[in-house]
Amino acid sequence: MIETFRNAWKVPELRRKLLFTFFIIVIYRIGGTIPVPYLDSAALNDWFQASKDSGDIFSYLNVLSGGNFSKATLMALSVGPYINAQIIIQLLTYALPPLERLSKEGMEGRKTLNKITKYSALAIALFQGWVYYRTLMNVNGQHIVLYTGHTFERYFTEVIIILCFVAGASLTIWLGDRINEKGIGNGISMLLFAGIIARGPEAVLSLFKLMESGETKNMILVPIIIVIFILMIAFIIFMNNAERRIPIQYAKRVVGRKQYGGQNTFIPIKIAMSGVLPIIFAMSFMAIPQTLKLFTGEPKAGSFYAGLLKWFEYTHPFYACLYFVLIIAFNYFYVSMSYNPVEIANNLRQNNGGVPGIRPGKPTSDYFQRILGKITLVGAVFLGVIAIFPIIFGAITKMPLAMGGTSILIVVSVALETARTLESQMMMRHHSGFLK
């Protein structure tokens, strides 16, 4: 990967794209330091520190924003609304015929879907900004929202805070589009990557502080955490590159004086084809009970709702088990929505291709379905292990990991995708340093 970036830097056009991407990321990080008016950042940070392990929806949004959400800066919502809008539109594409037709209309159809996604992201940002404001208003014992109490000023404060959050989300989408147009691509993913990486120094400093405490437990666990971190990165890289190659053979056919076909190839099916989306689905679902508590307040001790909230606490064993099962279920659901074995079998038959030893038509689609089921299970278990490992590690050692498995998975996936993008662009330019 380092060699790929070094070779890309030698190409003037790619060097300009890399510098432009870095410039956009700097602007994004500057926006992450601008506080939203009428909010007490110190009181907000104290509230987040007290509830950071609750597993509510705000903890999930804080991960996506790279820590900006807990500071209530201009980029507090960050890429969260756009990612949620992408997931919703992608699922609706398979459920609504008009959107399905747009997805099959080539470049123009994708442009229209992208516009719909952006407008949906703005609507989601407006809703999330309002929910965030209402939650901060209901925090007991904390004066996070600053206003004198007059009715007009209260409504004015609410509008300003919500509009700042929406403006930050809109700016994030615009910056991502600029990276797509003039940078190295994967704009939203690059901003998400930058936000998570920005929390890296804080995580390293926290480990050093634990080492400086001099406790025997910390002196043993901190090196173990570093080794686990490295092994987790290597495991994610291995699983991201892992794929099952199904051999395909095309029959020979003669058209006029020319002979076509007769070649052997393969269809690659990636093990982790759904990426981090099943974890995001499961995380959003698991955050519902704790999020409702922010609106309803603390339940009575001994009530059914209080018992239910204990089961859905981030450190409870039931949370980890259900979280793991939901990741597997959502992974199967996402793969079934995005991968159609029947369509693949029909395309192969139309092009005089087939799997050696498997009859065309339904036997081929059944074969793909069996292979896909096994691969999906392996990929789902991989995602589940990555997601719940920090929970298990924290329960055993009483020391939470500074960066969770989801964050590491996002960082490694974006880095690998960026390297592949640079390799493909260098291949088109026949860069000798890369080809050798």
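FYI, it's all coordinate maths here, none of it is from the lab. All values reported here derive from a predicted model rather than from experimental measurement. Cβ sites come from the backbone with ideal geometry, for glycine too, and all protein chains shown count toward neighbours.
Points worth noting:
- Residues of segment 86-128 with amide N under 16 Å of the 7 Å Cα→Cβ point at residue 340: 90-106
- Helical mean residue ellipticity (222 nm; -39500 (n - 2.57) per DSSP H run of 4+; nearest 500) of the chain: -23500 deg cm²/dmol
- By the count of other C-beta atoms within 10 Å, a proxy for reagent exposure, 112, 418 are ordered fewest to most as 112, 418.
- Just checking the listed ones, 365, 274, 407: in the Gaussian network model of the chain with Cα springs under 10 Å, the one fluctuating most is 365.
- Of the DSSP H helices in the chain, those with a Cα length along their own long axis of 30 Å or more and a mean Kyte-Doolittle hydropathy reaching -1.0 comprise 106-137, 151-182, 216-241, 317-338, 362-397, 405-428.
- Too-long pairs where the Cα-Cα distance tops 28 Å, listed order kept, from 270/362; 270/310; 104/362; 71/300; 118/374; 10/104: 270/310; 71/300; 118/374; 10/104
- Cβ crowding within 10 Å ranks 156, 69, 304, 312 as 304, 156, 312, 69, fewest other Cβ atoms first.
- Between residue 419 and residue 266, the FRET efficiency from the beta-carbon distance, with R0 = 35 Å, is close to 0.95.
- Fewest-first sequence of 374, 17 by Cβ atoms within 10 Å of each Cβ: 374, 17
- Amide H partners (placed H, <5 Å) of residue 248, local residues excluded: 265, 266, 267
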